[in-house]
Amino acid sequence: MTPTRHGEHPSGQFADSRARAAREQVEQRGLAARTIAGNAQDLGDFVRLVSMLGLDDTVGGPALLGARLAAYVRQVALAVGVPAEATGYEVSDTATAYLGLTRRTADRPDQDLMLAWDERLGWYVGVETDPGQPPVVVGYLGGAAVQPPVVVARFVTEAVAGRWTTRIRPVLAAVSRGMLASQMAALRGPTD
């Protein structure tokens, strides 16, 4: 073969084009799966839509964890008594969740509390602070990052009542996001 412009062989141009097209396809499939995760009614709806669109192989990452985290947060919110509009979650470089609590502690009756989850810290109750400041932690729930909603609800009750003493918790060992999603799926409840 003879070189074309800039000394590049047609076979090299073709290989570059194929690699670029493959990267773009992966990005588009990931975007589609994330869009489905954000709009699905529940985990069953998410799984059906992903399967219907042939994206089953795409959702092993952030989209699947996002869908399962959304269902898990709904279950915990129901157990704790937090309305859906007071919850949020995000899967980015770190998977996190937030539930605004209506209860307050006796030693801080004028400060709002939150229940938060982090894939490396698990569940904790903290005092809401100004943006950019870390929360004042009231207590961490020991054990695995993914706990049954009833256990999380009991922890919140105990922490708010001042009967929870775990204030410092080491970072949990890294668990794959696929494993976290599987653990959350195993806790299926009435909201799935």
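Full extension of the chain between Ser182 and Gln28 yields a length gain of 53.0 nm, computed as 0.36 nm times the residue separation minus the alpha carbon distance. Among 99-111, 136-148, the peptide with the highest mean count of other Cβ atoms within 10 Å heads the list, and the full ranking is 136-148, 99-111.
When Leu187, Leu180, Leu65, Leu172 are arranged by Cβ crowding within 10 Å, least crowded first, meaning fewest neighbours, the order is Leu172, Leu187, Leu180, Leu65.
The numbers here are math on the coordinates, done by the rules we state, and not lab data. Please read all numbers here as calculations on a predicted model, not as lab measurements. Ideal geometry is used to build each Cβ from the backbone, glycine not excepted, and the neighbour counts take in all protein chains shown.
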